[in-house]
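A short write-up of the structure that comes next.
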Amino acid sequence: MPWHWASKDMWLWSVLALVLMVLASGVVNAHATGEQKDRAKKYKGGGTTSNLRNIIIGRCYHYMSLYPDIGDKNCSGIWQELVDAVQRKDPCKIIQEDYKRLALVAAQTIPCHKTLLWSRTNDLVHRYTKATSAFITLEDTFLGFLFNGLTWCGKPLRPGMNFKFCPAWNECDHNSISSFWRMASAAFARASCGIVNVMLNGSADGDIARKESFFRTVEIPNMDPTRVSEVKVWVIDDIQGDDKNSCNSKSLMELKQFIEGYKLKYSCIDNYRPIQALQCTGNPDHAACNQCH
Ligand code: ZNA
């Protein structure tokens with residue numbers, strides 16, 4: 001074989017090897033950047049709640065045993081809908097639409113006059129609904145009961161949940177948690193009929209209902225004025241706290257205008273007695289708790 005042929009062959013082989021090496025390193029690199037992207041995103045919030053699947057499926061069976069009227073729900077199917085809503089997606093780009101199927105499988109009818117919404121009264125409102133079955137908050141509905149207090153988010157390029165980091169509530173507008181609650185609150189408001197009650201905090205600073213609250217931005221706009229006969233606001237002061245707002249405050253007048261703007265009837269009550277009675281169980285010596293007062 002003439003020497004220049006052999007060297008031509010060798011030259012071809014080296015070029016081929018080089019091309020292959022470049023291609024292979026490209027593939028490895030692309031993969032690494034994918035992994036790094038997933039690993040690099042360190043959101044400010046805690047990761048997905050440990051044992052999330054077992055907690056949700058357990059709560060699902062628990063709810064069916066407490067409220068058999070809900071019918072037979074497919075608990076592992078509900079878990080799968082949650083996974084499908086968030087996995088392989090950027091946890092800051094989750095919208096209400098992503099939870100559409102979850103909302104469908106967890107749908108429930110709410111009896112008229114039973115809805116109790118709340119803003120800045122999380123603890124008190126749930127102590128109340130635990131003590132009486134007169135009202136239902138979102139957290140007493142199937143969807144709210146399943147997911148209350150839990151955290152979850154997926155990873156952009158991989159299946160499953162991110163157990164290390166999830167976006168904090170305010171870290172991005174369309175995060176997996178706030179979009180879920182936006183969807184659930186909207187569905188609850190849409191399903192409500194008759195008198196809808198709202199427990200607000202008369203001792204909290206600022207507006208009686210914050211401009212960016214879910215109550216204003218999601219719940220009021222999603223009520224159907226042909227089915228909701230009245231929105232009844234309960235202004236509750238901390239029994240030991242200040243009376244910063246009452247039904248006749250400027251902030252309540254503004255809220256009245258806001259609610260009426262959605263063609264909904266408004267009414268207001270200060271320190272609704274059954275709630276005050278509940279507050280009195282922890283403060284029996286307070287003046288407001290004295291029957292002869
Ligand atoms: N169960 C929930 O975690 C939850 C329920 C979350 C968001 C909304 N909801 C509905 S909407 C609830 O059933 C009430 O009817 C409505 C209350 O929402 P709101 O009017 O925005 O009132 P709020 O007291 O300011 O917020 C309600 C809840 O939202 C809080 O208890 C938190 O769980 C969460 N939240 C709101 N803002 C933040 C936040 N969590 C962390 N950081 C925040 N800045």
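Considering the conditions (1) away from the ligand (no atom under 14 Å from the Cβ); (2) under 14 Å from the mean Cα position of the chain (by Cα), T137 is excluded by exactly one of them, (1).
Taking first residues from the stretch 160-179 that are under 15 Å from V86 (Cα atoms) and partners that are among the hydroxyl-bearing types (S, T, Y) and within 14 Å of the ligand (Cβ to nearest atom), the Cβ contacts under 6 Å between residues at least 6 apart in sequence or on separate chains come to F165/Y43; C166/Y43; C166/T151; P167/Y43.
Working only within the stretch 50-64, note down all residues that are at positive phi and open to solvent by less than 30 Å² (accessible area, probe 1.4 Å).
Within the stretch 50-64, none qualify.
Among the criteria (1) open to solvent by 60 Å² or more (accessible area, probe 1.4 Å); (2) under 28 Å from the mean Cα position of the chain (by Cα), the one S251 does not fulfil is (1).
With the condition kept exactly as written, say whether any residue in the stretch 76-86 is open to solvent by 40 Å² or more (accessible area, probe 1.4 Å) and touching a residue at least 40 places away in the same chain (Cβ under 8 Å).
Within the stretch 76-86, not a single residue is open to solvent by 40 Å² or more (accessible area, probe 1.4 Å) and touching a residue at least 40 places away in the same chain (Cβ under 8 Å).
Scanning the stretch 179-236 for residues that are farther than 20 Å from G144 by Cβ and surrounded by 23 or more Cβ atoms within 10 Å (Cβ to Cβ), we see that the one that is nearest to the ligand (Cβ to nearest atom) is I208.
Among the residues that make up the stretch 212-233, is at least one of them among the polar types (S, T, N, Q) and either in contact with a Pro (Cβ under 7 Å, 6 or more places away or on another chain) or in a helix (DSSP H, G or I) (or both)?
Residues of the stretch 212-233 that are among the polar types (S, T, N, Q), as a first pass: 213, 217, 222, 226, 229.
Filter again for either in contact with a Pro (Cβ under 7 Å, 6 or more places away or on another chain) or in a helix (DSSP H, G or I) (or both), leaving 217.
Yes; the residues of the stretch 212-233 include at least one that is among the polar types (S, T, N, Q) and either in contact with a Pro (Cβ under 7 Å, 6 or more places away or on another chain) or in a helix (DSSP H, G or I) (or both).
Residues are listed down the side, and each one gets a yes or a no for (1) surrounded by fewer than 23 Cβ atoms within 10 Å (Cβ to Cβ); (2) within 8 Å of the ligand (Cβ to nearest atom):
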residue: S119; (1), (2): yes, yes
residue: Y128; (1), (2): no, no
residue: F145; (1), (2): yes, no
residue: P159; (1), (2): yes, no
residue: A168; (1), (2): yes, yes
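The values are calculated or read from the model by the stated rules, or taken from the named source; none is laboratory data. This is a predicted model, so every value here is computed, not measured. Don't worry about glycine lacking a Cβ; one is built from the backbone with ideal geometry, like all the others, and counts go over all protein chains shown. Side chains are part of the model used for accessible areas, which takes the heavy atoms of the whole protein and leaves out ligands, DNA and RNA. Shrake-Rupley method; radii C 1.70, N 1.55, O 1.52, S 1.80 Å.
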